[in-house]
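Trainee: Supplied in structure tokens, the structure appears directly below.
The values are calculated or read from the model by the stated rules, or taken from the named source; none is laboratory data. Keep in mind it's a predicted model, so treat the numbers as computed, not measured. Virtual Cβ from ideal backbone geometry, glycine too; neighbours counted across all protein chains shown.
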């Protein structure tokens, strides 16, 4: 079986060149062709000798996939669907907003963490994406040149696939790849402590933590990970690091009516995050089938935001996008998976 070079870091490409008695500099050339020039044929790599191109063709492939479906919202948001097997799909959301063009990327096929409010969690876990499958989400899209920001907030828990996520970040942020600034990339987590430490210490990208309740017993009911990694322990660890202006720490907080949107919750957040340089993003909940949670009213969300801001926590409300195209994570892929099973 021929080895796929797409998704290999420069170091891995150099190792492959060495094992096959090819020039070390060919690794830089190949990386430039596949990550910067988006070339998928060895024949087009004209600065590599014909003899070596023939050898590469006989022993390696440059395999990528293109989306099989795209849905476009009235607000310009696009939801792309990528196949990863005969009946498994992942989603990527393109979100344009004035000069900011954000791509919301997936790191896993489904998710094992069972958060009660999440459609992806209801799919179960079906595997980790490779670094190549993650990088492909950006480089296969027609909007790739206009993307200004990446967020690993799509399907899956990125830190449950830390090795491949870190490889994808290396490719995306290096000069041999697209050369994106780490300050334009945010990785989200529910708080997998050992891997979170590794990420903080080995990456310059921003970190976003899914919080959703400041209270242990309540968070445990909606996020089972709280049983293993309590939010208090997560915060204690985050306070050990220096969150400078160049690197942002944020907390994602989905607002559920009558569950986590009261003044007591605002007070609990202030107490929990005291002394930590961070921001809070309040998110309107979007209903998913089979889940009884309701979104908090807009006026409740605004009062909650004002309460937190008045108490010194920088808080914003994230605008809802793509609500007319099943833009919430997991909805589109679940629908297509169900269709493929009925064929």
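Trainee: Would you point out the residue of region 303-320, among those that are touching a strand residue (DSSP E or B) at 6+ places or on another chain (Cβ under 7 Å) and surrounded by fewer than 18 Cβ atoms within 10 Å (Cβ to Cβ), that is farthest from residue 246 (Cα to Cα)?
Mentor: It comes out as 320.
Trainee: Also: Can you pull out the residues in region 136-154 that are within 11 Å of the chain's Cα centre (by Cα) and under 26 Å from residue 3 (Cβ atoms)?
Mentor: 137, 152
Trainee: Inside region 1-15, can you point out the residues that are surrounded by 19 or more Cβ atoms within 10 Å (Cβ to Cβ) and under 14 Å from residue 59 (Cβ atoms)?
Mentor: Listed by number, the residues that qualify are 5, 8, 13.
Trainee: A further question follows. List pairs: first in region 309-328 and in the same structural domain as residue 277 (by TED's automatic domain parsing), second surrounded by fewer than 12 Cβ atoms within 10 Å (Cβ to Cβ) and at pLDDT below 95, Cβ under 8 Å, 6+ apart or cross-chain?
Mentor: 324/74
Trainee: Among the residues that make up region 74-84, is at least one of them in the same structural domain as residue 320 (by TED's automatic domain parsing), touching a strand residue (DSSP E or B) at 6+ places or on another chain (Cβ under 9 Å) and farther than 24 Å from residue 129 by Cβ? Step through it out loud before you land on a result.
Mentor: So in region 74-84, the residues in the same structural domain as residue 320 (by TED's automatic domain parsing) come out as 74-84.
Remaining after also requiring touching a strand residue (DSSP E or B) at 6+ places or on another chain (Cβ under 9 Å): 75-84.
Imposing the further condition that a residue be farther than 24 Å from residue 129 by Cβ reduces the set to 75-76.
The answer is yes; a qualifying residue exists.
Trainee: If you don't mind, there's one more thing I want to ask. Assigned to a helix (DSSP H, G or I) and in the same structural domain as residue 259 (by TED's automatic domain parsing) - does that describe any residue in region 204-214? Step through it out loud before you land on a result.
Mentor: Of region 204-214, the ones assigned to a helix (DSSP H, G or I) are none.
No.
Trainee: Restrict the check to region 60-76 and report whether at least one residue is assigned to a loop (DSSP other than H, G, I, E, B) and at positive phi. Steps first, please.
Mentor: Step one: of region 60-76, the residues assigned to a loop (DSSP other than H, G, I, E, B) are 62-68, 73-76.
Subsequent filtering for residues that are at positive phi retains 76.
Looking through region 60-76, at least one residue is assigned to a loop (DSSP other than H, G, I, E, B) and at positive phi.
Trainee: Among the listed residues 157, 143, 226, 217, which satisfies the condition of being farther than 27 Å from residue 35 by Cβ, modelled with pLDDT of 95 or more and out of contact with any helix residue (DSSP H, G or I) (no Cβ under 8 Å at 6 or more places or on another chain)? Break it down stepwise before answering.
Mentor: On the way: 157 fails: farther than 27 Å from residue 35 by Cβ; 143 fails: farther than 27 Å from residue 35 by Cβ; 226 fails: out of contact with any helix residue (DSSP H, G or I) (no Cβ under 8 Å at 6 or more places or on another chain).
Exactly one of 157, 143, 226, 217 is farther than 27 Å from residue 35 by Cβ, modelled with pLDDT of 95 or more and out of contact with any helix residue (DSSP H, G or I) (no Cβ under 8 Å at 6 or more places or on another chain), namely 217.
Trainee: Return the residues of region 77-88 that are outside any loop (DSSP other than H, G, I, E, B) and over 20 Å from residue 324 (Cα atoms); say none if nothing qualifies.
Mentor: Here is the first cut: in region 77-88, the residues outside any loop (DSSP other than H, G, I, E, B) are 78-83.
Correct list: 83 only.
Trainee: Being exposed (fewer than 13 other Cβ atoms within 10 Å of the Cβ) and over 24 Å from residue 180 (Cα atoms) is the filter here; which residues of region 60-88 pass it?
Mentor: To start, the set of residues in region 60-88 that are exposed (fewer than 13 other Cβ atoms within 10 Å of the Cβ) comprises 66, 68, 74, 85-86.
68, 74, 85, 86, listed by residue number.
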